[in-house]
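The values are calculated or read from the model by the stated rules, or taken from the named source; none is laboratory data. All figures in this text were calculated on a predicted structure; none of them were measured in a lab. Note that each Cβ is placed from the backbone with ideal geometry, even for glycine, and that neighbours are counted across all protein chains shown. Ligands, DNA and RNA are stripped out before the accessible areas are found, and what is left, the full protein with its side chains, is counted by its heavy atoms. Shrake-Rupley method; radii C 1.70, N 1.55, O 1.52, S 1.80 Å.
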Amino acid sequence: MAISDADLVIAWKQVLEMCRVRDGEQIAILTSDDSNPQIVRTCRIAIAQLGGILTMINLPPINGEKALSRDKSGYVGKTPLAFNTAALAGLMAADMIIDTMQLLFSKEQEDILKTGTRILLAVEPPEVMMRMLPTAEGKTRVLNAEKVMSAARVMTVTSDAGTDFTCGLGQYPVLTQYGLADEPGRWDHWPSCFVARWPDEGSSNGTIVIDAGDILLPFKMYAREKVILTIKDGIVTDIDGGFTAEYMLRFMESFNDPDAFAMAHVGWGLEPRAHWTTLGLYDREAGLSMDSRSFAGNFLFSTGPNTEAGGDRDTPCHLDIPLRGCSLSLDGEPMTVNGKVVRADQQ
Ligand SMILES: [Fe+2]
């Protein structure tokens, strides 16, 4: 169902207030040709009502001929900001940016955040944003998970499907996503609710089995049958199975970049309002499918870049793969068992 402008303005006001937008703050909305016009126009109104001083920065898209689809997550290479020093200076001067273009995975995003500017990404369909309006409870769940993740040094993941994976933790910071950019220098994405971390370089080892029905992003498809990944010292060295495995392998190979096979963030979903089933209801280019990344109890692992964690592996090939039915432990303490969050303070 469509969302009315009035409802989205009210939601924006609530989210921006939770992001601590104050009267007189410099707020920039970053747009490109594929920004959702309803998200942009309703956000403008909410910023005005809160007394924010608004700047619109519109950048023409680049890399359309290199990207393999219109999907914002299908090609995470350079953004238009990489070559636009005027826009970069403007965005760095803002207190907060509403990003409807998608700067994620760019060096420029990290540079902007270092100046204390906070960034809220808003690129999902409005009805998904409304269904998963960020809440204080969601934030608490994510911060409780962060506490355990920060102290942990080893993650282990097993499943009945055959996953038996381990990695070291500590080299990179914990990534928290609860849908609010409410601290200086914080990036977040409305809607999202999960915790993740990049494994220590070279420490990931074992087998990850994608079972039939598990989700592969950015393809936005459910696996048709098992895919068996072998991981050695931080690199996916083998992808075995049927059609789904071959599709995944050929996609990754098409980037001609060995960094595409590196392990990236690992973590688990914490959002009961997100659903494994939702992906089946949407056209592929309608959104990023944050439901798939956030549904409670998933084991979300990924491959490719680590720039978001402060590393220098800047490959444009990034896969996010949420698995069901996994048991994830940190230093031997269970966080999920058979795909269910087990700690009361994360439920
Ligand atoms: Fe990711």
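The table that follows gives values for the structure above.
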item	result
Amide hydrogen neighbours beyond the local backbone of residue 190, cut-off 5 Å, H modeled	121
Accessible-area ranking of 283, 211, 160, 291, largest first, probe 1.4 Å	160, 283, 211, 291
Cα lying deepest toward the dipole's positive end in the chain, options 54, 176, 311, charges on Cβ	54
Residue order for 265, 275 - accessible surface, 1.4 angstrom probe, largest first	275, 265
Spin-label model distance (nm) - residue 143 vs residue 22, 7 Å beyond Cα toward Cβ	1.9 nm
Carbon + sulfur, % of accessible area of the chain - ligands and nucleic acids excluded, 1.4 Å	53 percent
Quarter of Cα convex hull surface for the range 1-152, i.e. mean projection, nm²	10.3 nm²
Most fluctuating residue given options 253, 146, 271, as computed from a GNM of the chain linking Cα atoms under 10 Å	253
Extension reserve of the residue 240-residue 41 stretch, reckoned as 0.36 nm per residue once the Cα distance is removed	67.0 nm
Alpha-carbon Rg with Dmax, taken over the range 47-121, Å	13.0, 41
log10 of Debye I(q)/I(0), alpha-carbon scatterers only, for the range 258-347 at 0.12, 0.16, 0.25, 0.26 Å⁻¹	-0.43, -0.73, -1.16, -1.19
In order through the range 207-212: 3J(HN,Hα) via Karplus (6.51 cos²θ - 1.76 cosθ + 1.60), integer Hz, x for Gly, Pro	10, 10, 10, 7, 8, 3
Evaluated at q = 0.26, 0.29 Å⁻¹: base-10 log I(q)/I(0), Debye formula over Cα of the range 141-202	-1.10, -1.17
Listed residue (101, 86, 39) projecting farthest to the positive dipole end of the range 2-124, Cβ model	86
Alpha-carbon centroid distance for the pair the range 212-289 / the range 70-89, whole angstrom	24 Å
Estimated FRET transfer efficiency (residue 58, residue 233; beta-carbon r; R0 41 Å; 0.05)	0.40
Translational diffusion coefficient (Stokes-Einstein; Kirkwood radius from C-alpha pairs) of the chain at 10 °C, 1.306 mPa s, in µm²/s	78 µm²/s
Ratio Rg/Rh, restricted to the range 142-256 and using Cα atoms, in which Rh is the Kirkwood radius	1.01
Mean Cβ count within 10 Å, highest first, over the residues of peptides 118-131, 315-328	315-328, 118-131
Percentage relative contact order, the chain, counting C-alpha pairs under 8 Å, at least six apart	16 percent
q = 0.25, 0.26, 0.27, 0.28 Å⁻¹: log10 I(q)/I(0) that the Debye formula gives for the range 113-152, counting C-alpha atoms only	-0.92, -0.92, -0.91, -0.91
Calculated FRET value between residue 337 and residue 14, using beta carbons and R₀ = 45 Å, to 0.05	0.85
Chain lengthening between residue 34 and residue 5 when straightened (0.36 nm per residue, less Cα-Cα)	8.6 nm
